[in-house]
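Student: Submitted below is the structure of interest, expressed as C-alpha cells.
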Amino acid sequence: MYKSWWKILGSVLVVYSTIAGFLFTVPPLPILHQSIRNLYFHVPMWFSMITLFSISVYHSVKYLRTNNEEDDLKSVQSINAGIVFGILGLVTGSVWARFTWGQAWSFDVKQNFAAIAMLLYFAYLVLRNAIDEEQKRAKISAIYNIFAFPMMVVLLFVLPRLSDSLHPGNGGNPGFNAYDLDSHMRMVFYPACAGWIMIGGWIYSILFRVASLEKKKLV
Amino acid sequence: MQLVKEVKFLIGKELLLEWRSKYALNGVILYVVSTVFVCFLSFRSLKGVTWNALFWIIMLFASINTVSKSFLQESKGRQLYIYTIASPLALIISKTIYNIFLMLLVTFIALGFYLLVFDYTPQDMGLYLLAVVLGSISFSTIFTMISAIASKAGNGGMLMAILSFPVVIPVIIMLIKLSKNAVDGLDRSVSLDEIATLVIINVLVAVFSLLLFPYLWRD
C-alpha cells in the first residue's frame with residue numbers, strides 16, 4: 001500500500017478532474033464557449049509528455065555512466081509512454097482547433113512545432129530499430145535521446161514565443177489566467193495536471209515491468 | 001594545447017585528403033550547380049518568398065550530402081587509426097570546423113550561381129549574407145554530430161535524413177524568417193530575435209556534441 005499511494009491518488013485526481021471538468025461552471029466566453037473544458041484534458045497531456053521525456057533523458061544519462069541495461073529499458077519505455085501522451089495532446093488539440101479556429105490543422109506555430117517534436121521521437125524509435133546489437137543500440141539511442149531533448153525544448157518553449165500563435169498567451173492573446181478570474185478553473189486544472197502526470201508515470205512503470213519480464217523470457 | 005595541436009593536424013589531414021581526391025568538393029559543387037539549374041529550368045523566374053524558400057531547400061539537401069560524408073565515408077580501419085592517435089574532442093572539433101569551411105565554400109558558390117541565373121537580388125544583401133553564413137555554420141554543426149550517430153548505427157543515408165530533419169527544421173524556419181527579412185529589406189533591428197535564436201541553437205548543439213561525442217566514439 002505504501003508504494004501504491006501515488007497510483008491511487010493519480011486515479012482519484014483524474015476521475016475527479018474528468019467529472020468536475022464536465023460539470024463545474026466555466027467562465028462564459030465568446031468563441032470558446034463550452035469547449036474551454038478541453039483545457040483540463042489537452043494541456044495535462046503535454047505536461048505528462050514533457051515529464052516522461054525528462055525521465056527518459058535522466059535514464060539515458062544514467063545509462064551512459066553505468067552501462068546498465070535496465071536504464072536503457074527505462075528510457076525507451078518512458079519515451080513510448082511519452083509518445084502516447086504526445087499523440088493524445090495533438091488529437092485533443094486538433095479537435096479543439098476544429099471547433100474554435102475552424103480547422104483541425106490551423107497552421108498554428110505551436111501545432112506545427114509539436115508535430116515536429118513528435119517526429120524527433122519517432123526518429124529515435126526508427127534509430128533503435130536500425131541497430132541490431134543490443135549494447136550498441138542502447139548507447140547510440142541514449143546519445144540521440146540526450147541530443148534531441150534540448151531541441152525539443154527549443155521547439156516547444158523557445159520558438160513559439162518568437163511568432164504569433166492562436167494559442168492563448170501568445171501573440172497578444174491573453175493567457176488563460178486572464179479568463180479565469182474567479183479561480184474556478186484552477187481548482188480542476190491543477191489536479192488534472194498532477195493526476196495525468198501520475199497516470200503517465202504509472203503507464204511507464206507498467207511498460208517497463210512488462211518489457212523487463214519479456215527480456216528475462218518470463219512472459 | 002595538445003588539443004589545439006591535434007585539431008590543427010586533423011584539419012590538415014582532411015584538407016590533404018580532399019585535395020588529393022577532390023571528389024567530395026567537386027561532387028558537391030556539381031550537385032548544387034545542377035540542382036540550381038534544374039530549378040531555373042523549371043521555374044524560369046522567381047521572386048521574393050519562393051526564391052528564398054527554394055534556395056534554402058536546395059541548401060538543405062546539398063548540406064546533407066556534403067556533411068554526411070564526414071563520418072560515413074571513412075573506412076573502419078582508418079577511423080580506428082585516428083581514434084588511437086587523437087582525442088575524441090579533437091576529432092569532433094576538427095570535423096566540425098572543416099565542415100564549416102566546406103559548407104561556406106559550397107553555399108557561396110551556390111548563392112553566386114543562384115543570384116546569377118535567377119537575376120534577382122535581395123534588398124538587404126548584407127543581412128542575406130549573414131543569414132547564409134549562419135546557415136552554413138548551423139548545418140555543419142548539426143549534421144556533423146548526426147552523421148557521427150548515423151555512421152555508428154551502420155546504415156547511412158536514409159537514417160541520416162530521418163535523424164537530422166526534425167533537428168534541423170527549427171534552424172531552417174529561423175533561417176527562412178531571417179533571410180525573408182533580408183529579401184524584403186526590413187530594418188535590421190527586426191531580425192535580432194532570429195539571429196539570437198540561431199546563435200543559441202548553435203551553441204546548444206555544439207555543447208551537446210562535445211559532451212556526447214566521447215561516449216559515441218568508444219566502441
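The values are calculated or read from the model by the stated rules, or taken from the named source; none is laboratory data. In this text, all values refer to a predicted model and were calculated from it rather than measured experimentally. All Cβ positions, even for glycine, are placed from backbone atoms using ideal geometry, and neighbour counts span all protein chains on display.
Student: So the check is Cβ under 7 Å with 6+ separation or different chains; which pairs have a first residue in region B:110-134 that's touching a residue at least 12 places away in the same chain (Cβ under 8 Å) and a second one that's surrounded by fewer than 16 Cβ atoms within 10 Å (Cβ to Cβ) and outside any helix (DSSP H, G or I)?
Tutor: Taking only residues 6 or more apart or on different chains, the pairs are B:Phe118/B:Ser45; B:Tyr120/B:Lys47; B:Gln123/B:Gly185; B:Asp124/B:Gly185.
Student: Of the residues B:Tyr120, B:Tyr128, which single one is crowded, with 21+ Cβ neighbours inside 10 Å and more than 25 Å from A:Met151 (Cβ to Cβ)?
Tutor: Just a single option satisfies the conditions, and that option is B:Tyr128.
Student: What residue, among those in region B:182-219 that are of a type in the set (Ser, Thr, Tyr) and closer than 23 Å to A:Phe107 by Cα, is modelled with the lowest pLDDT?
Tutor: Top of the filtered list is B:Ser191.
Student: Output the residue which, of all residues in region B:1-50 that are polar (S, T, N, Q) and assigned to a helix (DSSP H, G or I), is surrounded by the fewest Cβ atoms within 10 Å (Cβ to Cβ).
Tutor: The extreme case among them is B:Ser42.
Student: Further, regarding this structure: For residues that are over 16 Å from A:Tyr144 (Cβ atoms), of a type outside the set (A, V, I, L, M, F, W, C) and touching a helix residue (DSSP H, G or I) at 6+ places or on another chain (Cβ under 8 Å), scanning just region A:78-107, find the one that is surrounded by the fewest Cβ atoms within 10 Å (Cβ to Cβ).
Tutor: Looking at the filtered set, the residue picked out is A:Gln103.
Student: Residues of region B:59-84 being surrounded by fewer than 19 Cβ atoms within 10 Å (Cβ to Cβ), without any contact (Cβ under 8 Å) to a residue 60 or more places away in the chain and among the aliphatic types (A, V, I, L, M), which ones?
Tutor: B:Leu80
Student: Another question about this same structure. I'm checking my understanding of the structure. Among residues of region B:154-168 that are of a type in the set (A, V, I, L, M, F, W, C) and surrounded by fewer than 21 Cβ atoms within 10 Å (Cβ to Cβ), which one is nearest to the other protein chains (Cβ to nearest Cβ)?
Tutor: Ranking the qualifying residues of region B:154-168, first place goes to B:Ile162.
Student: Take the conditions more than 19 Å from A:Leu156 (Cα to Cα), among the hydroxyl-bearing types (Ser, Thr, Tyr) and modelled with pLDDT under 90 and apply them to B:Ser179. Does it pass?
Tutor: Answer is no for this residue.
Student: If the requirement is being more than 14 Å from every other protein chain (Cβ to nearest Cβ), in contact (Cβ under 8 Å) with a residue 60 or more places away in the chain and under 29 Å from A:Trp202 (Cα atoms), which of these qualifies: A:Ser94, A:Ser78, A:Ser106?
Tutor: Being more than 14 Å from every other protein chain (Cβ to nearest Cβ), in contact (Cβ under 8 Å) with a residue 60 or more places away in the chain and under 29 Å from A:Trp202 (Cα atoms) holds for just one of A:Ser94, A:Ser78, A:Ser106, which is A:Ser78.
Student: Further, regarding this structure: Name the single residue that is farthest from B:Ser140 (Cα to Cα) among those in region B:199-219 being within 7 Å of chain A (Cβ to nearest Cβ) and not aromatic (Phe, Trp, Tyr).
Tutor: Going through the qualifying residues, I end up with B:Leu216.
Student: Mind checking whether some residue in region B:131-140 is assigned to a helix (DSSP H, G or I) and within 14 Å of chain A (Cβ to nearest Cβ)?
Tutor: Within region B:131-140, one or more residues are assigned to a helix (DSSP H, G or I) and within 14 Å of chain A (Cβ to nearest Cβ).
Student: Count, please, the residues in region A:119-145 that happen to be surrounded by 20 or more Cβ atoms within 10 Å (Cβ to Cβ), among the aliphatic types (A, V, I, L, M) and either at the interface with another protein chain (Cβ under 9 Å from one of its Cβ atoms) or at positive phi (or both).
Tutor: Residues meeting the conditions: 6.
Student: Determine which single condition B:Gly157 fails, assuming it passes every other condition in (1) in contact with a helix residue (DSSP H, G or I) (Cβ under 6 Å, 6 or more places away or on another chain); (2) not in a loop (DSSP other than H, G, I, E, B); (3) not charged (D, E, K, R).
Tutor: Single failed check for B:Gly157: (1).
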